[in-house]
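Student: Have a look at this one.
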Amino acid sequence: MNEANVGTTDQLIVNMGPQHPSTHGVLRVALTLDGERVVSADPDIGYLHSSMEKIAERLDYRQYISYTDRFDYLGAMCNEWVFVRAVERLAGIEVTPRCEHIRLLMAELNRLASHLLYFGAMGIDTGATTVFLYCFRERELILDLFEWVSGQRLLYNFLRVGGLRNDLPDGWVEQCHAAMDALASRVDEYDTLLSENRIFIARTRGIGAITAEEALAYGFSGPCLRGCGVPYDLRRVDGYSLYPELDFEVCVEEGGDCLSRHMVRSRELRESIKIVRQVLARLPEGEVNVPVPRRLKVEPGEVYERIESPRGELGCYLVSDGSDKPWRMHWRAPSFYNLAPLDRLCRGHWMADMVAVIASTDIVLGDVDR
Amino acid sequence: MSIHTIGVIIKDWLIGLLAGWGVPVELSRLLIEVLTWAVGAALCIIAIMLAALVFIYLERKVSGYIQSRLGPTRCGPVGILQSFVDVIKLLLKEDIVPAEADRVLHTIGPILFLAVSALAYVVVPWDEGGTVAGKVDAGVGVLFMAAVGSMGLIGIVVGGWGSNNKWSLLGAIRGAAQMVSYEIPMLLALMCVVLQAETLSLAGIVEDQKGSIIAWNFLRPWMWLPVVLFLISGVAEINRTPFDIPEAESELVSGFHTEYTGMKFALFFLAEYGNLLLVALIFSVLFLGGWLSPFGYPDPLRLPGIIWLLAKSLLIVLIVMWVRWTLPRLRVDQLMGLAWKLMIPAGFVALGVMCAVIMLGWA
């Protein structure tokens with residue numbers, strides 16, 4: 001050891017992931033630690049890359065729907081919805097009111113399922129395992145509804161260009177009401193267990209804080225951005241589908257830290273339950289499908305369609321050359337942008353905070369890598 | 001008939017037998033002394049093994065109950081054989097030592113951890129006059145337990161360092177910091193009881209609480225602070241949530257035992273549950289009257305003292321499990337802050353109050 005090294009310590013470089021229990025999939029973070037302090041966190045992505053966008057170029061519009069389920073697998077209904085909306089806009093197809101209602105219903109149920117999983121993951125990442133199992137118990141109610149209507153629990157393949165795979169089965173609406181009632185009473189329980197727990201608040205308040213300006217510069221969206229005090233919710237900003245007619249609140253929290261992001265999702269659970277109940281109450285009768293040619297060719301042109309997925313602004317950019325396949329297709333995946341400032345969020349915090357930060361951005365690696 | 005009298009009867013019978021064979025009385029006494037120690041040591045290990053088997057099953061059932069699921073149900077009636085099956089599985093697993101790991105340290109880590117845990121059992125007063133090594137406890141049971149207890153972290157550090165894994169190392173360092181810190185409030189709480197009983201012998205501390213439940217330490221108002229301090233630091237000493245940062249699964253993969261498989265992993269596991277029982281036992285001895293019956297001394301129900309001791313310990317274990325499955329985990333700096341900024345000052349306050357109580361002659 002030479003003279004200059006005396007009294008100094010080395011930095012430790014550790015590989016967090018891709019097989020780490022709390023990187024939410026196959027994220028690898030090259031972590032430089034000084035003791036337990038994070039000096040830098042360098043996310044390395046691409047382990048789940050599956051050429052989603054290139055594949056779209058050799059499948060016709062109908063065939064690609066089942067692929068959209070597979071990148072953000074926790075928000076599959078939303079992915080399908082934004083894709084079919086883009087195609088319908090290109091082709092100039094108008095769907096029936098009942099179809100629109102059911103699509104919105106599915107998207108909100110999917111948001112509930114996704115936020116419940118977030119709650120559980122946040123719990124388990126901060127060491128509270130019981131919340132995780134409670135959330136999964138309630139998520140099961142929603143997955144049962146999905147299974148009943150589409151035959152699938154995760155990758156639904158339910159939406160079609162111009163309609164749906166099938167109408168709601170008999171008794172489904174009553175079951176959905178029952179599920180919402182069960183869920184509404186239990187959301188408070190999660191808050192008691194987790195959101196109001198002193199240890200949890202101490203673990204998340206002021207951790208991974210980011211200002212609204214920076215968040216916008218990084219392209220944050222969804223609950224992460226609303227946690228910074230920006231009331232940006234596409235359901236209100238764009239007012240697509242039936243959202244302008246529905247009564248719900250855009251949940252905004254000041255602070256921009258893990259706790260704010262957490263509280264936004266906690267409140268959105270309640271808002272989504274409200275939306276689902278409203279839609280169920282006004283669900284019109286009628287057909288769900290409009291006639292669409294088996295081989296759908298759209299006029300040349302381009303379209304960018306975006307909706308509010310559970311993770312944020314989910315965009316679908318489609319370019320058509322007039323054939324039955326997209327000429328080019330691009331996903332604006334919210335997780336990708338929400339993961340980008342990881343280093344900025346974690347630097348200077350403890351290693352244990354890394355886990356809370358990753359959990360609070362609620363990334364899905366399939367969505368990041370596509 | 002207490003354990004003690006059974007022991008005496010067996011000893012007398014053995015001495016008689018050896019005398020009948022023509023062995024000098026002095027030699028046979030020595031032989032029997034050695035034999036007592038060997039049997040005692042074996043009993044300690046068996047106690048840990050049994051505690052671990054029962055507690056692992058219990059933990060899974062309790063957590064299942066808390067989390068509204070069933071827990072193990074497949075092996076035997078209501079899954080009661082699950083722990084045994086797990087042990088057999090662990091025994092049959094390949095023992096993997098990572099490349100570049102320090103083979104020697106990697107092997108002695110878990111052994112040391114278990115050995116230290118077993119050693120502390122030597123001074124537990126199971127029944128009236130019934131420690132495994134009655135004579136060692138003559139005056140220094142508390143001291144012995146504290147000294148041995150603080151050696152536990154050597155096993156963790158050695159295992160974590162020897163694994164040649166950065167996560168293990170981080171876990172080991174965390175473990176060392178945590179166990180050293182929480183030793184202090186634990187000992188301060190212990191000192192209050194020692195002052196109360198005016199003895200360093202654990203058996204003596206139980207004797208001091210002789211009587212029905214109202215004579216026990218936990219009902220004396222000046223003992224309430226030490227009770228809380230001891231329970232919290234006890235949970236921290238055995239690395240359980242909310243203090244499980246040395247093996248924090250979501251942060252450090254598995255902490256210091258990330259690189260362990262098979263029986264070496266099982267040794268860590270056994271020792272952890274052994275420590276859980278130990279803390280519960282010591283807590284019962286210090287504050288809940290050890291082997292005493294809650295209905296007065298001598299016990300009107302004529303139950304062996306060990307039953308009462310185990311019943312009290314089980315209660316403590318259940319509380320610790322309940323806490324584990326409810327609370328999130330503290331962060332490493334919050335954990336250290338809690339120990340140094342809150343619990344150690346509180347420990348000194350408790351000790352001061354205890355001294356005042358003694359000087360005023362209320363004890």
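Student: Just checking, which of A:ARG85, A:ARG98 is open to solvent by 10 Å² or more (accessible area, probe 1.4 Å), farther than 30 Å from B:ASP244 by Cα, more than 14 Å from every other protein chain (Cβ to nearest Cβ) and in contact with a strand residue (DSSP E or B) (Cβ under 6 Å, 6 or more places away or on another chain)? Give the derivation first.
Tutor: Details: A:ARG98 fails: in contact with a strand residue (DSSP E or B) (Cβ under 6 Å, 6 or more places away or on another chain).
When all the criteria are applied, what remains is A:ARG85.
Student: Give the residues of region A:153-173 that are β-branched (Val, Ile, Thr) and surrounded by fewer than 17 Cβ atoms within 10 Å (Cβ to Cβ), sorted by residue number. Full working, then the answer.
Tutor: Let us first name the residues in region A:153-173 that are β-branched (Val, Ile, Thr), namely A:161, A:173.
A:VAL173, the sole residue that qualifies.
Student: Quick one: A:MET52 ticks every box in (1) away from every other protein chain (no Cβ under 14 Å); (2) open to solvent by 40 Å² or more (accessible area, probe 1.4 Å); (3) touching a Phe, Trp or Tyr at 6+ places or on another chain (Cβ under 7 Å) except a single one, so which number is it?
Tutor: Of the numbered conditions (1) away from every other protein chain (no Cβ under 14 Å); (2) open to solvent by 40 Å² or more (accessible area, probe 1.4 Å); (3) touching a Phe, Trp or Tyr at 6+ places or on another chain (Cβ under 7 Å), the odd one out for A:MET52 is (2).
Student: Identify the residue in region A:356-370 that is not β-branched (Val, Ile, Thr) and not in a helix (DSSP H, G or I) and, among all such residues, is least open to solvent (accessible area, probe 1.4 Å).
Tutor: Initial filter on region A:356-370 (not β-branched (Val, Ile, Thr)): A:356, A:359-360, A:362, A:365-367, A:369-370.
So of that shortlist, the ones also not in a helix (DSSP H, G or I) come out as A:362, A:370.
Working: A:ASP362: 5, A:ARG370: 35 Å².
Going through the qualifying residues, I end up with A:ASP362.
Student: Further, regarding this structure: Restricting to region A:115-155, what's the tally of residues that are touching a Ser or Thr at 6+ places or on another chain (Cβ under 8 Å) and not in a helix (DSSP H, G or I)?
Tutor: Selection size over region A:115-155: 4.
Student: Still on this structure: Just name the residue that is surrounded by the fewest Cβ atoms within 10 Å (Cβ to Cβ) out of those in region B:258-304 that are of a type in the set (D, E, K, R) and either assigned to a loop (DSSP other than H, G, I, E, B) or in contact with a strand residue (DSSP E or B) (Cβ under 9 Å, 6 or more places away or on another chain) (or both). Break it down into steps so the answer makes sense when it comes.
Tutor: Narrowing region B:258-304 to residues of a type in the set (D, E, K, R): B:259, B:264, B:272, B:299, B:302.
Narrowing the set further to residues that are either assigned to a loop (DSSP other than H, G, I, E, B) or in contact with a strand residue (DSSP E or B) (Cβ under 9 Å, 6 or more places away or on another chain) (or both) leaves B:259, B:299, B:302.
Details: B:GLU259: 22, B:ASP299: 17, B:ARG302: 8.
Looking at the filtered set, the residue picked out is B:ARG302.
Student: Now a separate question. Residues of region A:326-353 being within 30 Å of B:MET336 (Cα to Cα), open to solvent by less than 10 Å² (accessible area, probe 1.4 Å) and not small (Gly, Ala, Ser), which ones?
Tutor: Going residue by residue through region A:326-353, those that are within 30 Å of B:MET336 (Cα to Cα) are A:341-353.
Next cut, open to solvent by less than 10 Å² (accessible area, probe 1.4 Å) only: A:341-342, A:345-346, A:351-353.
Of everything in region A:326-353, those that are within 30 Å of B:MET336 (Cα to Cα), open to solvent by less than 10 Å² (accessible area, probe 1.4 Å) and not small (Gly, Ala, Ser) turn out to be A:PRO341, A:LEU342, A:LEU345, A:CYS346, A:MET351, A:ASP353.
Student: Could you say which residue among A:ARG137, A:ARG153 is within 13 Å of A:LEU183 (Cα to Cα) and modelled with pLDDT under 90?
Tutor: Working: A:ARG153 fails: within 13 Å of A:LEU183 (Cα to Cα).
The conditions single out A:ARG137.
Student: Same structure again: Any chance region A:329-351 includes a residue that's over 19 Å from A:TYR232 (Cβ atoms), of a type in the set (Asp, Glu) and more than 14 Å from chain B (Cβ to nearest Cβ)?
Tutor: Taking every residue of region A:329-351 in turn, at least one turns out to be over 19 Å from A:TYR232 (Cβ atoms), of a type in the set (Asp, Glu) and more than 14 Å from chain B (Cβ to nearest Cβ).
Student: Is it the case that A:GLY92 is on the phi > 0 side of the Ramachandran plot and modelled with pLDDT under 90?
Tutor: Working: on the phi > 0 side of the Ramachandran plot: yes; modelled with pLDDT under 90: yes.
In short, yes.
Student: Can you pull out every residue in region A:182-226 that is within 14 Å of chain B (Cβ to nearest Cβ), open to solvent by less than 10 Å² (accessible area, probe 1.4 Å) and closer than 20 Å to A:THR129 by Cβ?
Tutor: Those that are within 14 Å of chain B (Cβ to nearest Cβ), open to solvent by less than 10 Å² (accessible area, probe 1.4 Å) and closer than 20 Å to A:THR129 by Cβ: A:TYR190, A:LEU194, A:SER195, A:PHE200, A:ARG203, A:THR204.
Student: From the residues in region A:125-152 that are closer than 22 Å to B:SER68 by Cα and away from chain B (no Cβ under 14 Å), which one is surrounded by the fewest Cβ atoms within 10 Å (Cβ to Cβ)?
Tutor: The initial filter retains those residues of region A:125-152 that are closer than 22 Å to B:SER68 by Cα, namely A:125-145.
If we keep only those that are away from chain B (no Cβ under 14 Å) as well, we get A:142-145.
Working: A:ILE142: 22, A:LEU143: 17, A:ASP144: 13, A:LEU145: 22.
Only one residue fits best here, namely A:ASP144.
Student: Now for a different question. Which ones in region B:302-351 are of a type in the set (Phe, Trp, Tyr) and within 11 Å of another protein chain (Cβ to nearest Cβ)? Quick ask: steps written out before the conclusion?
Tutor: Taking region B:302-351 and keeping what is of a type in the set (Phe, Trp, Tyr), we get B:308, B:322, B:325, B:340, B:348.
Selection gives B:TRP322, B:TRP325.
Student: Among the residues of region A:305-325, write down those that are surrounded by fewer than 24 Cβ atoms within 10 Å (Cβ to Cβ) and in a loop (DSSP other than H, G, I, E, B).
Tutor: Hits for region A:305-325 are A:ASP321, A:GLY322, A:SER323, A:ASP324, A:LYS325.
Student: Contact list please: Cβ distance under 7 Å, first residue in region B:108-119 and in contact (Cβ under 8 Å) with a residue 60 or more places away in the chain, second residue of a type in the set (Ser, Thr, Tyr), pairs at least six apart or on different chains.
Tutor: Partner pairs satisfying both residue conditions: B:PRO110/B:TYR260.
Student: Identify, please: which residue in region B:194-247 is under 27 Å from B:PRO298 (Cβ atoms) and polar (S, T, N, Q) and is, among those, surrounded by the most Cβ atoms within 10 Å (Cβ to Cβ)?
Tutor: Result: B:GLN209.
Student: Additional query: Only one of A:GLY229, A:GLY256 is in a loop (DSSP other than H, G, I, E, B), touching a Ser or Thr at 6+ places or on another chain (Cβ under 7 Å) and either more than 14 Å from chain B (Cβ to nearest Cβ) or among the acidic types (Asp, Glu) (or both); which?
Tutor: Working: A:GLY229 fails: touching a Ser or Thr at 6+ places or on another chain (Cβ under 7 Å).
Exactly one of A:GLY229, A:GLY256 is in a loop (DSSP other than H, G, I, E, B), touching a Ser or Thr at 6+ places or on another chain (Cβ under 7 Å) and either more than 14 Å from chain B (Cβ to nearest Cβ) or among the acidic types (Asp, Glu) (or both), namely A:GLY256.
Student: How many residues, within region A:23-62, are in contact with a Lys or Arg (Cβ under 7 Å, 6 or more places away or on another chain) and part of a helix (DSSP H, G or I)?
Tutor: Residues meeting the conditions: 2.
Student: Considering only region B:212-253, state which residues are within 12 Å of chain A (Cβ to nearest Cβ), part of a loop (DSSP other than H, G, I, E, B) and more than 16 Å from B:ASP333 (Cα to Cα).
Tutor: If the condition is that a residue be within 12 Å of chain A (Cβ to nearest Cβ), part of a loop (DSSP other than H, G, I, E, B) and more than 16 Å from B:ASP333 (Cα to Cα), then B:ARG240, B:VAL253 are the ones that fit.
Student: Given the conditions (1) surrounded by fewer than 24 Cβ atoms within 10 Å (Cβ to Cβ); (2) under 25 Å from B:LEU338 (Cα atoms); (3) hydroxyl-bearing (Ser, Thr, Tyr), and given that B:TYR182 satisfies all but one, which numbered condition is not satisfied?
Tutor: (1)
The values are calculated or read from the model by the stated rules, or taken from the named source; none is laboratory data. Here the structure is a predicted model, which is why all the values come from computation and not from measurement. Cβ coordinates were reconstructed from backbone atoms using ideal geometry, including for glycine residues, and neighbour counts include every protein chain displayed. Side chains are part of the model used for accessible areas, which takes the heavy atoms of the whole protein and leaves out ligands, DNA and RNA. Shrake-Rupley method; radii C 1.70, N 1.55, O 1.52, S 1.80 Å.
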